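Student: If you scroll down you'll find the structure; I have some questions about it.
The values are calculated or read from the model by the stated rules, or taken from the named source; none is laboratory data. Just so it is clear, the structure is predicted and the values come from calculations on it, not from any experiment. Reconstructed Cβ throughout: ideal geometry from the backbone, glycine too, with neighbour counts over all protein chains shown. Note: areas computed on protein heavy atoms with side chains; ligands, DNA, RNA excluded. Shrake-Rupley method; radii C 1.70, N 1.55, O 1.52, S 1.80 Å.
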Amino acid sequence: YVTAIAQSIDADVAAYRSVTLAARINIVSHSLSKAGMSGTECPLLIRVTYTNHVAQNVQKDFCFWAFEYPDQHGTVSTLPYIETQRIPAGVWYPFTVDLKRDLPQLAEIREISFQANGHDYESLISDVQLYAEGLEPVVAP
């Protein structure tokens, strides 16, 4: 049960010092404990698909969850491309990440998607921003 919305970006960001992705996120409810049995059933997930100097269409996932139920087995992912975070339930939480700092050798942002995954969930996202700062000269490799 995945619900998603995606935006194609296709922006070359290699020449910028910082590239910030920001949003306000809110998890009202979800029926699975933590991020589900596999650690990938996130009630709110932000996926950045990007290109670096080594590979194309690489993914970085920011997985958010709010509830842990003692009668269910729930876990968080240990996969290196998934960053998992518990956030307070039912409140607008500010999410901000400098993608240039988090994604080694970031060259191009291909797509950003917002997803919810699991059985039952209510997640909200608002005020999404993507901006780049500090245009610097690029030296060809």
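Student: Give the residues of the range 103-141 that are of a type in the set (S, T, N, Q) and at pLDDT below 95, sorted by residue number.
Tutor: Quick first cut of the range 103-141, residues of a type in the set (S, T, N, Q) only: 105, 113, 115, 117, 123, 126, 129.
Selection gives 105, 117.
Yes or no, residue by residue, for (1) over 30 Å from residue 15 (Cα atoms); (2) under 17 Å from the mean Cα position of the chain (by Cα); (3) of a type outside the set (Gly, Ala, Ser):
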| position | (1), (2), (3) |
| --- | --- |
| 48 | no, yes, yes |
| 51 | no, yes, yes |
| 71 | yes, no, yes |
| 89 | yes, no, no |
| 94 | no, yes, yes |
| 101 | no, yes, yes |
| 107 | no, no, no |
| 115 | no, yes, yes |
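Student: Does the range 1-24 include one or more residues that are surrounded by fewer than 18 Cβ atoms within 10 Å (Cβ to Cβ) and among the aromatic types (Phe, Trp, Tyr)? Show your work before the answer.
Tutor: Filtering the range 1-24 down to residues surrounded by fewer than 18 Cβ atoms within 10 Å (Cβ to Cβ) leaves 1-12, 14-15, 17-18, 20, 22, 24.
The next check asks that each one be among the aromatic types (Phe, Trp, Tyr); those that pass are 1.
Checking the range 1-24: at least one residue is surrounded by fewer than 18 Cβ atoms within 10 Å (Cβ to Cβ) and among the aromatic types (Phe, Trp, Tyr).
Student: Assuming residue 67 fulfils every condition listed in (1) touching a strand residue (DSSP E or B) at 6+ places or on another chain (Cβ under 7 Å); (2) of a type outside the set (S, T, N, Q); (3) in contact (Cβ under 8 Å) with a residue 60 or more places away in the chain apart from one, which condition is it?
Tutor: So residue 67 meets the others, but not (3).
Student: Follow-up. Take residue 83 and decide whether it is within 29 Å of residue 32 (Cα to Cα), free of Cβ contacts under 8 Å to residues at least 40 places away in the same chain, out of contact with any helix residue (DSSP H, G or I) (no Cβ under 7 Å at 6 or more places or on another chain) and surrounded by 14 or more Cβ atoms within 10 Å (Cβ to Cβ). Can you show your working first?
Tutor: On the way: within 29 Å of residue 32 (Cα to Cα): yes; free of Cβ contacts under 8 Å to residues at least 40 places away in the same chain: yes; out of contact with any helix residue (DSSP H, G or I) (no Cβ under 7 Å at 6 or more places or on another chain): yes; surrounded by 14 or more Cβ atoms within 10 Å (Cβ to Cβ): yes.
So residue 83 passes the test.
Student: Those residues that are touching a residue at least 12 places away in the same chain (Cβ under 8 Å) and either exposed (fewer than 13 other Cβ atoms within 10 Å of the Cβ) or touching a Leu at 6+ places or on another chain (Cβ under 6 Å) (or both), I need them from the range 125-141; list them, please. Before the answer, list the steps.
Tutor: Step one: filter the range 125-141 for residues touching a residue at least 12 places away in the same chain (Cβ under 8 Å), giving 125-138, 141.
Across the range 125-141, the qualifying residues are 126, 127, 129, 130, 131, 133, 134, 135, 136, 137, 138, 141.
Student: Residue under question is residue 55, and the condition is that it be free of Cβ contacts under 8 Å to residues at least 12 places away in the same chain and over 17 Å from residue 97 (Cα atoms); does it hold?
Tutor: On the way: free of Cβ contacts under 8 Å to residues at least 12 places away in the same chain: yes; over 17 Å from residue 97 (Cα atoms): yes.
The answer is yes for residue 55.
Student: Can you name every one of the strands (runs of 3 or more DSSP E) wholly within the range 20-138 that holds 2 or more residues which are within 19 Å of residue 3 (Cβ to Cβ), of a type in the set (A, V, I, L, M) and in contact with a Phe, Trp or Tyr (Cβ under 6 Å, 6 or more places away or on another chain)?
Tutor: Working: elements: 44-52, 58-65, 82-86, 93-98, 106-117, 121-135.
By residue number, 44-52.
Student: Could I ask something else about it? Sort out which residues of the range 53-63 are surrounded by 15 or more Cβ atoms within 10 Å (Cβ to Cβ) and under 10 Å from the mean Cα position of the chain (by Cα), and write them in order of number. Give the steps one after another, and end with the answer.
Tutor: Start the filter on the range 53-63 by keeping residues that are surrounded by 15 or more Cβ atoms within 10 Å (Cβ to Cβ), which leaves 58, 60-63.
Across the range 53-63, the qualifying residues are 60, 61, 62, 63.
Student: Select from the range 27-50 the residues that are under 19 Å from residue 82 (Cα atoms) and either in contact with a helix residue (DSSP H, G or I) (Cβ under 9 Å, 6 or more places away or on another chain) or of a type in the set (S, T, N, Q) (or both) and list them in ascending order.
Tutor: 33, 38, 40, 48, 49, 50
Student: What is the one condition in (1) in contact with a Gly (Cβ under 9 Å, 6 or more places away or on another chain); (2) more than 28 Å from residue 9 (Cβ to Cβ); (3) open to solvent by less than 70 Å² (accessible area, probe 1.4 Å) that residue 66 does not satisfy?
Tutor: Condition not satisfied by residue 66: (2).
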